[in-house]
Amino acid sequence: MCGIVGIVAKGNVNQDIYDALTVLQHRGQDAAGIVTGHEGKFNLRKDNGLVRDVFHTRHMQQLVGNIGVGHVRYPTAGTSSRALAQPFYVNSPYGIALAHNGNLTNAQELSREIFQSDLRHLNTDSDSEVLLNVFAHELQRMGKLVPTAEDIFVAVEGVHQRCRGGYAVVAMIAGYGIVGFRDPNGIRPVVFGRRDSALGPEFMIASESVALDTLGFKLIRDIEPGEAIYIDLDGNVFNRQCAEKTQLAPCIFEHVYFARPDSIMDGVSVYKARLRQGEKLAEKILRLRPDHDIDVVVPIPDSSRVAGQSLAQRLGVKFREGLVKNRYIGRTFIMPGQSQRKKSVRQKLNAIGLEFQGKNVLLVDDSIVRGTTCQQIIEMARDAGARKVYFASASPPVRYPNVYGIDMPTAQELIAHGHTDEEVCRLIGADWLIYQDLPDLVASSAEGSQRAKHFDCAVFDGHYVTGDVNQEYLEQLAADRNDDNMAKKQLNLIGGSGAVIGLHNDVS
């Protein structure tokens, strides 16, 4: 999962992009990058680390230009290297810089095509670089010295015909403008908005609407599945549907965990969706245990707080912030290694004893993925004196890997895969475990939207909306991403990262 942003303005965009990336930091904490365009040339800075650590005053001073693209990354496949920081860019045609959120399911096939047919070279094994080169090749086929909006849309058509998977993209074409587009299933989110300045209208494309809000842009709408938006340097906006078959099936895990609650995605308020998740989970508890003995509901901060509040209210029990979060530790779900995740949980959370002592506590989390975090938190609750520890998940059991850009590469990593709810309960050490039902989760999001009625729920039901993911693909994915292969891949990337960054004109 990553965060993307692109801005066309009347003045320098470096500070606005920086601010937008800090708002989107929750989507990726591994690396950050900004590229700006000035007089037809790129200025680029990217590196591993948080936004605040990657960009210093000297970098910002060199990132001049009234057009630019930014990216925050977390390692989808578990690898973390400076060479994989985005945006990526190619010099031909025109000069194109691209930032991407998602994952291509046919990246290996495309990599061979790019080398053998398109005659292009890839520096990394990133599917984002694959997508960039596909787009560049399709645009180069137009053979125009000056590309038109129509040429760009035809190139995006070619991307949709060749690329499969989930992707939201923002790309800058040097000296011409910015294009944003979304996969034909609308799996990954992307929106655009407008801000009026004294010199004229300014436009922004971003992963979440909250990035627009904080910079004073007014949300226009989401980019539709298969649609492309092109904004030239003068602020003229063009759009066109570029895919033949489309459906809106956004990733429901955005509403569960990834997105900020103050974002609106495809007409769905993430905040209200999480409120409804809590309400429906409470109704299930009341059906199963109408005489429950829950004394207090304690959310696991931060993404389960909203659902926990509405759950407690519906149950008529106390809601208490019994766990204090260390704000300087990153989100454990998106940390690259299992050992690092295990180590970080105790550093990240600490229990307030008086909220646990002698009580039957219902812990609420947004989901249970690997089970590492909730197991340790349940131990913390018992150590703090809880009499009984119940655990509620605002989403159903995660039993299947995600292939569209979320770090769930193998089924074997998922605690619910191959286990019943009762077995998971024993494995995590809870006295009782309750999961959200999938129809209730879908209803929690669909009830708030006139547009989004169907969602990508593959991690819960194993149904992959692109229709190209089979058992053979999943087995190959698991083999590619086992510990030994990932370690080798990491070493190769580290060995080549200095050369790659130098090639990309990093401002340091």
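The values are calculated or read from the model by the stated rules, or taken from the named source; none is laboratory data. Bear in mind the structure is a predicted one, so any value in this text is a computation, not a measurement. Quick reminder, even Gly has a Cβ in these numbers, built from the backbone with ideal geometry, and neighbours come from all protein chains shown.
Tell me, yes or no, whether region 118-131 has at least one residue that is over 22 Å from Val69 (Cα atoms), in contact with a strand residue (DSSP E or B) (Cβ under 6 Å, 6 or more places away or on another chain) and assigned to a loop (DSSP other than H, G, I, E, B).
As a first pass, look at region 118-131 and keep what is over 22 Å from Val69 (Cα atoms): 118-121.
This time we only want the ones that are in contact with a strand residue (DSSP E or B) (Cβ under 6 Å, 6 or more places away or on another chain), so: none.
No, every residue in region 118-131 fails to be over 22 Å from Val69 (Cα atoms), in contact with a strand residue (DSSP E or B) (Cβ under 6 Å, 6 or more places away or on another chain) and assigned to a loop (DSSP other than H, G, I, E, B).
Before we move on, is Phe217 in contact with a Lys or Arg (Cβ under 7 Å, 6 or more places away or on another chain), of a type in the set (A, V, I, L, M, F, W, C), farther than 30 Å from Val364 by Cβ and assigned by TED's automatic domain parsing to the domain that holds Gln86?
Numbers: in contact with a Lys or Arg (Cβ under 7 Å, 6 or more places away or on another chain): yes; of a type in the set (A, V, I, L, M, F, W, C): yes; farther than 30 Å from Val364 by Cβ: yes; assigned by TED's automatic domain parsing to the domain that holds Gln86: yes.
Yes: the conditions hold for Phe217.
Can you tell me which residue among Ala206, Ala273, Ala243, Ala249 is closer than 30 Å to Gly316 by Cβ and hydrophobic (A, V, I, L, M, F, W, C)?
Details: Ala206 fails: closer than 30 Å to Gly316 by Cβ; Ala243 fails: closer than 30 Å to Gly316 by Cβ; Ala249 fails: closer than 30 Å to Gly316 by Cβ.
It is Ala273.
List pairs: first residue in region 87-108 and in contact (Cβ under 8 Å) with a residue 24 or more places away in the chain and within 23 Å of Ala31 (Cα to Cα), second residue among the hydroxyl-bearing types (Ser, Thr, Tyr) and surrounded by fewer than 24 Cβ atoms within 10 Å (Cβ to Cβ) anywhere in the structure, Cβ distance under 6 angstrom, at least six positions apart or on different chains.
Ala97/Tyr89
How many residues, within region 1-40, are outside any helix (DSSP H, G or I), of a type outside the set (A, V, I, L, M) and under 24 Å from Ile406 (Cα atoms)? Show your work before the answer.
First, the residues of region 1-40 that are outside any helix (DSSP H, G or I): 1-13, 24, 28-40.
Remaining after also requiring of a type outside the set (A, V, I, L, M): 2-3, 6, 10-12, 28-30, 33, 36-40.
Among the residues that remain, those that are also under 24 Å from Ile406 (Cα atoms) are: 2-3, 6, 28-30, 33.
Residues in region 1-40 being outside any helix (DSSP H, G or I), of a type outside the set (A, V, I, L, M) and under 24 Å from Ile406 (Cα atoms): 7 in total.
Of all residues in region 434-454 being surrounded by fewer than 24 Cβ atoms within 10 Å (Cβ to Cβ) and of a type in the set (A, V, I, L, M, F, W, C), which is nearest to Asp266 (Cα to Cα)?
Ala452
Could you check, for region 20-35, whether at least one of its residues is closer than 17 Å to Ala85 by Cβ, free of Cβ contacts under 8 Å to residues at least 40 places away in the same chain and under 15 Å from the mean Cα position of the chain (by Cα)?
Yes, that holds for at least one residue.
Based on this model, can you work out whether Asp196 counts as of a type in the set (D, E, K, R) and not assigned by TED's automatic domain parsing to the domain that holds Asp151?
Details: of a type in the set (D, E, K, R): yes; not assigned by TED's automatic domain parsing to the domain that holds Asp151: no.
For Asp196, the condition - of a type in the set (D, E, K, R) and not assigned by TED's automatic domain parsing to the domain that holds Asp151 - is not met.
Yes/no per residue for (1) within 22 Å of the chain's Cα centre (by Cα); (2) surrounded by fewer than 22 Cβ atoms within 10 Å (Cβ to Cβ):
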site: Ser111; (1), (2): no, yes
site: Asp127; (1), (2): yes, no
site: Leu131; (1), (2): yes, no
site: Ala136; (1), (2): no, no
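Is it the case that region 96-115 has a residue that's touching a Gly at 6+ places or on another chain (Cβ under 7 Å) and among the hydroxyl-bearing types (Ser, Thr, Tyr)?
Among the residues of region 96-115, at least one is touching a Gly at 6+ places or on another chain (Cβ under 7 Å) and among the hydroxyl-bearing types (Ser, Thr, Tyr), which makes the answer yes.
When the residues of region 259-308 are narrowed to those that are within 16 Å of Arg320 (Cα to Cα) and among the polar types (S, T, N, Q), which ends up modelled with the highest pLDDT?
Step by step, filter region 259-308, then rank; the result is Ser304.
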